[in-house]
Amino acid sequence: MTQALYRKYRPKQWDTVIGQDHVIQTLTNSIKADRVGHAYLFAGPRGTGKTTVARLLAKAVNCLSEDPTKRPCNECDHCTAVNENRFMDMIEIDAASNNGVDDVRDLREKINFSPSQGKYKVYVIDEVHMLSGGAFNALLKTLEEPPPHAIFVLATTEIHKIPATVLSRCQRHEFRRVPIDEIVANLKTIAASENIQADEEALTLIARQSAGGMRDAQSLLDQLSSTGTKITLALAQQVLGTATSQTVLDVANSILDHHPAHGLETIHHALDSGADPRSLARQIVEYLRGLMLIQMGNAEQVEATREVKTQMEAHAKAFTSTDVLRMMKIFNNAATDLRGGWQPSLILELALAEVIDAPAEVVQVAAVAPRTKPQPVSAPAAESKPEVTSDASPNGGAQPVVESPVINANDITRAWKSLVNALPKAQANLGALMNSVRMIDVQGKTLVLGMASDVLVEKLNKPDQIEIIQRLIKDHFHVDLSVRCVVTNAKGKLPTHVAQDGMVAAAIQHGGEIVDMDE
Ligand SMILES: Nc1ncnc2c1ncn2[C@@H]1O[C@H](COP(=O)(O)OP(=O)(O)O)[C@@H](O)[C@H]1O
Ligand SMILES: [Mg+2]
Ligand SMILES: [Zn+2]
């Protein structure tokens, strides 16, 4: 088996470490001045050079070169031993698997033995935040009185988990994410010396995917080069799963067309066939970001195949930049929410509903795939269950007589959040829907819930869910209310059949989002 690229290209000298100049500067100065500390803490994202620099430090303090400015020389016995992973006095401990008190005690016993080869014994404790509380205490004792021949380098990706007592004993160095262009340059060098054919845009995509982690970038290059063919943007997109899929284009079209049913169908279809909801949300955001770049006149920064770019250009014209920003925000929030383990399809549905709800301003419908006329979905009638009435077309029908409410809508509005919280875990769906309620009113014995769109009315208006809401109200307020779900056209606008005074108006004037209404 050939050596992984990221091992092969581990920097062997200070000046080949990329993007951590602030750290290197301090360390090389102390080597030159022969003033090395006994405890270092290297903090920063994975794959940014912490272990690499720890090894450089171990090598430099033990280097046999006469000239301190040349350390590590990479030629002496000690340097070559470190480079070949056979230097006895550099001890790497993975705290993730050796995190107990006994492990640290073991270390403390061994630490008193003098170095066997070099001048210093260098202990590199990786992922040090994984140590148990007891182990940290034991480590602290060692850090308080380290033997003169010992140097500790603690490395962590999660500095906030390190006890202050330990932090205060260490010289701290923060490793930064490596900038994209520096990663690209590094990948280019590696590709050249490995005879890997790769397009620059493909390398840029790899760099972007690795979020500043050099190791990830090098591993991705490794993975892609193993296909044995030239690494083109299309290949990279395909392997990394970042290709703008038909799904994303279809979702964008459905938004443009105000065709929620089509959008929902697209999302369901993608999820059913195994698409990852988070990466779908991210792909949508990424696509919208492309539209934004085109709108700002930076089309050349968009990485996409020619066909996709043609579609993007048409969409960039069809949506206003305000729309694009708004959609980005909404789908970006959805991507974040998906981390919380909420029902993935629902979260995407809600995002789509929110986006479609405030109509996108269609400036120009040019050259974008064949489209159909806006076609609102109508909520199914739920007449079978008498206490549930559905009214998804607020502008039609006669104006009902407004009865005086049996309970103040204001009270329900205020209690809404706690009602949502009182839901059993299994009702996360319903919780999300209840959080999307934009308007609460009570007319006579009917609780009127305003939703942003037909899609949401349809989702909420299921007899079992309505029953749960009725039960919550009953438990909380001791009244029996029937529930009616209506479409609230847009923020601040009341459907014509809802009372124009009282709580509804008040609620909507407050910005309409019930979740934000804690007064
Ligand atoms: N700052 C950097 N400059 C150059 N290469 C790097 C850098 N950071 C990481 N690498 C590459 O990634 C590999 C793993 O880096 P490593 O130092 O183990 O990261 P960390 O310990 O921060 O997770 C290295 O062998 C090297 O190939
Ligand atoms: Mg490491
Ligand atoms: Zn040397």
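Rounded to the nearest Hz, the phi-derived 3J(HN,Hα) couplings of segment 167-177 under the Karplus curve 6.51 cos²θ - 1.76 cosθ + 1.60 (θ = phi - 60°) are 3, 5, 8, 10, 7, 9, 10, 9, 8, 9, 4, where x marks glycine and proline.
Rounded to whole Å and ordered largest first, report the semi-axes of the equivalent ellipsoid of segment 49-90 derived from its Cα gyration tensor (root of 5λ).
Numbers: eigenvalues 46, 30, 11 Å².
The three semi-axes for segment 49-90 are 15, 12, 7 Å.
Computed from the C-beta positions of D34 and N137 and an R0 of 22 Å, the FRET efficiency is 0.10 to the nearest 0.05. Each peptide among 309-317, 412-420, 61-69 gets the average number of other Cβ atoms lying within 10 Å of its residues, and from highest to lowest they stand as 309-317, 412-420, 61-69. For E194 and H160, a Förster radius of 35 Å and the Cβ-Cβ distance give a FRET efficiency of 0.35, rounded to the nearest 0.05. Each label was represented as a point 7 Å from its Cα along the Cα-to-Cβ direction; for K329 and T26 these points are 3.9 nm apart. For segment 45-139, run through the trypsin sites (Lys or Arg not before Pro) and keep only the ones in DSSP coil with at most 10 other Cβ atoms within 10 Å of their Cβ. Those that pass, being in a loop and sparsely packed, are R86. Computed extension length for S418-Q238: 60.3 nm, one decimal, from 0.36 nm per residue of separation with the Cα-Cα distance subtracted. Scalar couplings 3J(HN,Hα) for segment 442-447, obtained by applying the Karplus form with A = 6.51, B = -1.76, C = 1.60 to θ = phi - 60°, are 10, 10, x, 9, 10, 8 Hz; x denotes Gly and Pro. Take the Cα of R172, step 7 Å toward its Cβ, do the same at E145, and the gap between the two points is 2.7 nm.
Any read-out appearing in this document is the output of simple, stated calculations on the displayed coordinates, not a laboratory observation. Given the structure is predicted, the values throughout are model-derived calculations rather than measurements. Every residue, glycine as well, gets a Cβ built from its backbone with ideal geometry; the counts of neighbours run over all protein chains shown.
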